[in-house]
1. What percentages make up the Cα-Cα pair-distance distribution of the chain when the bins are 5 Å wide from 0?
2. If packing is taken as the mean number of other Cβ atoms within 10 Å per residue, what is the order of 193-199, 163-169, 87-93, highest first?
3. Which of the pairs Lys12/Lys199; Lys65/Lys155; Lys2/Lys133; Lys2/Lys65 have their Cα atoms more than 24 Å apart in this structure?
4. Identify all aspartates and glutamates with a Cα-Cα distance to Lys29 below 15 Å; exclude those on the same chain that are fewer than 8 residues away in sequence.
5. Let me spell out the model: positive unit charges on the Cβ of Lys and Arg, negative unit charges on the Cβ of Asp and Glu, origin at the Cα centre of the chain. What dipole size does that give, in debye rounded to 20?
6. Suppose only helical runs count, i.e. DSSP H with n ≥ 4. What mean residue ellipticity at 222 nm does that imply for the chain under -39500 (n - 2.57) per run, divided by all residues and rounded to the nearest 500 deg cm²/dmol?
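Only the coordinates and a few stated rules stand behind these numbers; no lab work does. It should be emphasised that the depicted structure is a prediction, and the values quoted were computed from it without experimental measurement. Here the Cβ positions follow ideal geometry from the backbone for every residue, glycine too, while neighbour counts run over all protein chains shown.
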Amino acid sequence: MKVCNLAMEEIKVGTGQLVLVGGRPAIGKTAFAISIVLEMAMKGYKTVFFSMEMSKEGWIERASKRMHIIPDDLPISNIDIIDEAAISVDRIAELSTVENRYDLIVVDYLQLIDRGDGSVVDVLNDLNALSVKLRCPIMILSQLNRSIDVRDDHKPMMDDLVLANINIDLFGQVFLLYRDYYYNRDADETKLIVIMKDKEVLLKWDYQSISVV
């Protein structure tokens with residue numbers, strides 16, 4: 001299955017909902033989101049990507065490797081890339097106005113959002129309210145607890161979200177990412193497993209371009 005096909009099946013464009021992409025560091029969360037945004041943009045959908053850990057130039061370089069083209073040829077006319085660090089929900093709302101008519105908002109990632117005096121729960125509730133107001137799905141990337149790395153079975157579970165103070169019921173869909181090759185170099189490096197609320201899906205990981213294909 002193509003990553004965009006998976007996204008379009010599970011993400012309801014034109015409706016207010018939160019979507020979570022969770023996993024351990026370097027497991028492929030940003031690559032997963034970039035792949036979805038690129039393929040949606042090529043289908044005519046308009047997206048905005050709030051990149052708090054990677055510069056716009058770095059984002060474009062990463063995306064161009066995924067597309068196997070030079071950065072100048074990257075089709076990003078339908079993609080707005082905001083690379084402000086530690087952005088707040090209020091700032092996200094300011095830059096995601098109704099006039100922009102985004103089909104998807106991506107926030108990379110939850111733990112870097114400026115919470116002020118609030119909590120992760122407050123941030124998620126505010127983002128959910130913004131999603132409903134804009135009638136636009138918001139995809140939030142989130143790191144999962146490091147306890148996954150020390151247990152025998154490294155595949156993430158929905159229960160791992162509880163350890164990160166994340167309420168599963170707040171999300172229309174959840175994508176938890178797992179690459180066995182990350183832990184076991186004898187494993188197939190091309191396999192990316194996506195664990196959702198009710199099923200698992202196998203996608204293909206391109207180790208050379210660090211992307212989902």
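1. For the chain, the binned pair fractions read 1, 7, 16, 20, 21, 18, 11, 4, 1, 0 percent.
2. Details: 193-199: 14.6, 163-169: 12.7, 87-93: 17.3.
Top to bottom by mean Cβ count within 10 Å: 87-93, 193-199, 163-169.
3. Numbers: Lys12/Lys199 18 Å; Lys65/Lys155 27 Å; Lys2/Lys133 30 Å; Lys2/Lys65 17 Å.
From Lys12/Lys199; Lys65/Lys155; Lys2/Lys133; Lys2/Lys65, over 24 Å: Lys65/Lys155; Lys2/Lys133.
4. Straight-line reach from Lys29, under 15 Å: Glu53, Asp108, Asp180, Asp206.
5. It comes to approximately 440 debye.
6. Values: 7 runs with 65 residues, N = 213.
So the calculated ellipticity at 222 nm is -8500 deg cm²/dmol.
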